[in-house]
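Participant: Below you will find the structure I want to go over with you.
The values are calculated or read from the model by the stated rules, or taken from the named source; none is laboratory data. All values derive from a computational prediction rather than experimental measurement. Cβ coordinates were reconstructed from backbone atoms using ideal geometry, including for glycine residues, and neighbour counts include every protein chain displayed.
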Amino acid sequence: MELWVSTTWREAVALSCAKLLLFAVVLAMARGAAWATAVFVGICATSVLGITPMLPTEFHFSPVGATLSTGEVLIKLGALLIVVLGPSMRRCQARRSAILARRLALLAHASRLPMYEASAANLKRPENAIEGSKRDFF
């Protein structure tokens with residue numbers, strides 16, 4: 001859309017080159033290049049910081065254009081959050097999975113013990129179901 005409103009061929013070429021470079025950075029980032037992630041964060045952060053202060057003025061002169069710019073800012077901000085917070089969220093998920101695996105292993109080990117069978121039989125009675133499960137799990 002921005003290409004259609006370029007007033008000169010130089011603006012159109014500059015915009016096309018910028019879009020191609022951004023695409024190349026995103027492609028390199030998808031392939032796992034650490035430098036590309038840093039460049040992508042820099043590009044998105046600069047764009048968000050450059051566009052956001054001008055949105056009120058743009059709303060005054062062109063509400064449709066300002067709405068599109070707001071959408072662009074929100075998408076870039078979302079991309080920033082995913083790229084920056086994504087690895088830490090994956091580490092948290094891996095840690096939770098490891099804790100769950102340990103608990104399941106302990107539960108599987110406890111199910112082979114003779115006292116578990118007695119408490120499992122005790123759990124069949126409704127009045128002991130909650131207390132028995134707490135005692136066996138922890």
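Listed here are the residues, each with its yes/no results for (1) outside any helix (DSSP H, G or I); (2) at pLDDT below 90; (3) of a type in the set (S, T, N, Q).
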{"residue": "2", "(1), (2), (3)": "yes, yes, no"}
{"residue": "13", "(1), (2), (3)": "no, yes, no"}
{"residue": "20", "(1), (2), (3)": "no, no, no"}
{"residue": "23", "(1), (2), (3)": "no, no, no"}
{"residue": "28", "(1), (2), (3)": "no, no, no"}
{"residue": "37", "(1), (2), (3)": "no, yes, yes"}
{"residue": "57", "(1), (2), (3)": "no, no, yes"}
{"residue": "65", "(1), (2), (3)": "no, yes, no"}
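Participant: From the list 45, 28, 36, 66, pick out the single residue that is out of contact with any strand residue (DSSP E or B) (no Cβ under 7 Å at 6 or more places or on another chain), touching a residue at least 24 places away in the same chain (Cβ under 8 Å), surrounded by 14 or more Cβ atoms within 10 Å (Cβ to Cβ) and of a type outside the set (D, E, K, R). Show your work before the answer.
Facilitator: On the way: 28 fails: touching a residue at least 24 places away in the same chain (Cβ under 8 Å); 36 fails: touching a residue at least 24 places away in the same chain (Cβ under 8 Å); 66 fails: touching a residue at least 24 places away in the same chain (Cβ under 8 Å).
Only one candidate passes the filter, namely 45.
Participant: Please verify whether the stretch 9-22 includes one or more residues that are closer than 20 Å to residue 78 by Cβ and surrounded by 11 or more Cβ atoms within 10 Å (Cβ to Cβ).
Facilitator: From the stretch 9-22, those closer than 20 Å to residue 78 by Cβ are 19, 22; that's our starting set.
From the residues that got through so far, the ones that are surrounded by 11 or more Cβ atoms within 10 Å (Cβ to Cβ) too are 19, 22.
Checked against the condition, which is being closer than 20 Å to residue 78 by Cβ and surrounded by 11 or more Cβ atoms within 10 Å (Cβ to Cβ), the stretch 9-22 yields at least one hit.
Participant: Assess whether residue 37 counts as being hydroxyl-bearing (Ser, Thr, Tyr), closer than 19 Å to residue 76 by Cβ and within 19 Å of the chain's Cα centre (by Cα). Full working, then the answer.
Facilitator: Details: hydroxyl-bearing (Ser, Thr, Tyr): yes; closer than 19 Å to residue 76 by Cβ: yes; within 19 Å of the chain's Cα centre (by Cα): yes.
So residue 37 passes the test.
Participant: Quickly run through the stretch 48-63 and pick out the residues that are surrounded by 13 or more Cβ atoms within 10 Å (Cβ to Cβ) and not polar (S, T, N, Q). Steps first, please.
Facilitator: Just the residues of the stretch 48-63 that are surrounded by 13 or more Cβ atoms within 10 Å (Cβ to Cβ), to begin with: 48, 51-52, 55, 58-59.
Listed by number, the residues that qualify are 48, 51, 55, 58, 59.
Participant: In addition: Just to be sure before I move on: is residue 40 under 30 Å from residue 85 (Cα atoms) and of a type in the set (Phe, Trp, Tyr) in the structure I sent? Outline the logic, then answer.
Facilitator: Values: under 30 Å from residue 85 (Cα atoms): yes; of a type in the set (Phe, Trp, Tyr): yes.
When the stated conditions are applied, residue 40 passes them.
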